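Take a look at the structure below.
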Amino acid sequence: MLAADSRLRDRVVELVTKGYSPVATAALCARQPDDGMVCAETIYQAIYDGTLGLNASDCLRSRRARRKRRRTTTASRMSPLGPNLVPISDQPAEAGEGAPGHWEGDLIIGARNQSAALTLVERSSGFQIVYALPNGYHADLVIATLVHWVQTTPAEMCAALTWDRGSEMAHWEVLTNGWGLPVFFCDAHSPWQRPKNENSNRQLRFWFPKGTDLRTFSQADYDQACAVLNSQPRRQYGLQSAGERYPEALSVK
């Protein structure tokens, strides 16, 4: 990723050589997404494998010339999410009681599993957001998109995120450790534990049918679909729309 994007690589090198940690560098890049976004793990890898042309012992605060090998556990071998995965059973009770700021997320996948879009739904209001992933849905790209989402969402509306156990969330700890956002994972093969998101994804397929190459759609296309879905009256909310309920949820917080 950094090897192919000279503008982003130069920005990362600039920040790291100034003394910013990879986590802080990733966060600063996310604040200026026009320059590109990258996660901390990718920066660490690029430093140690020589992609950035930097000496790890000079630019990392650990001064460690070689990366310390992590102990491999059965859990980490079995799951790309690692041993610290937080199951949905650890979710606070308020998440199921309609408290604002709890989100469900997932991907909709395009033709031949070669394209995707990232979808998010706020539980208490049903408000949804979709992000285009024109360069694929590798874990680095997904976490960069989610960091951008956290950056552009009021902090009081970022109480928690629930996701399934897909490998695209391999860098989920960036959200928790870097941004204080708890991330909970559904039980295996249990999409029903994200009911709002599952329902919204089915509705999105009206505009973005299965078997379609999602790279043919722009962010504007996704925004337009969300504008319709967020403005339609819903019987479950007394004919209020998600777009009307979301500001109300924000005011409650």
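Mind checking which residues of region 218-237 are among the small types (G, A, S) and either touching a Cys at 6+ places or on another chain (Cβ under 7 Å) or more than 16 Å from V121 (Cα to Cα) (or both)? Result: S218, A220. A count restricted to region 86-115 and to residues that are hydrophobic (A, V, I, L, M, F, W, C), at pLDDT 95 or above and open to solvent by less than 10 Å² (accessible area, probe 1.4 Å) stands at 2.
When S62 is tested against (1) at pLDDT below 70; (2) under 28 Å from Y131 (Cβ atoms), only condition (2) is not met.
The strands (runs of 3 or more DSSP E) located wholly in region 104-178 that include 1 or more residues which are acidic (D, E) occupy 116-122.
Are any of the residues in region 187-205 more than 15 Å from L118 (Cα to Cα), crowded, with 19+ Cβ neighbours inside 10 Å, out of contact with any Ser or Thr (no Cβ under 6 Å at 6 or more places or on another chain) and aromatic (F, W, Y)? Taking every residue of region 187-205 in turn, none turns out to be more than 15 Å from L118 (Cα to Cα), crowded, with 19+ Cβ neighbours inside 10 Å, out of contact with any Ser or Thr (no Cβ under 6 Å at 6 or more places or on another chain) and aromatic (F, W, Y). Evaluate the following for F208: is it touching a Leu at 6+ places or on another chain (Cβ under 7 Å), at pLDDT 95 or above and closer than 18 Å to S115 by Cβ? It is true that F208 is touching a Leu at 6+ places or on another chain (Cβ under 7 Å), at pLDDT 95 or above and closer than 18 Å to S115 by Cβ. Among the residues making up region 206-253, those that are surrounded by fewer than 16 Cβ atoms within 10 Å (Cβ to Cβ), out of contact with any Lys or Arg (no Cβ under 9 Å at 6 or more places or on another chain), of a type in the set (S, T, Y) and not in a loop (DSSP other than H, G, I, E, B) are T216, S231, S251.
The values are calculated or read from the model by the stated rules, or taken from the named source; none is laboratory data. This structure is a prediction, so every number in the text was calculated from the model and none was measured. Methodologically, a virtual Cβ is constructed for each residue, glycine included, from the backbone with ideal geometry; neighbour enumeration extends over all protein chains shown. Just the protein is used for accessible areas: all its heavy atoms, side chains included, with ligands, DNA and RNA removed. Shrake-Rupley method; radii C 1.70, N 1.55, O 1.52, S 1.80 Å.
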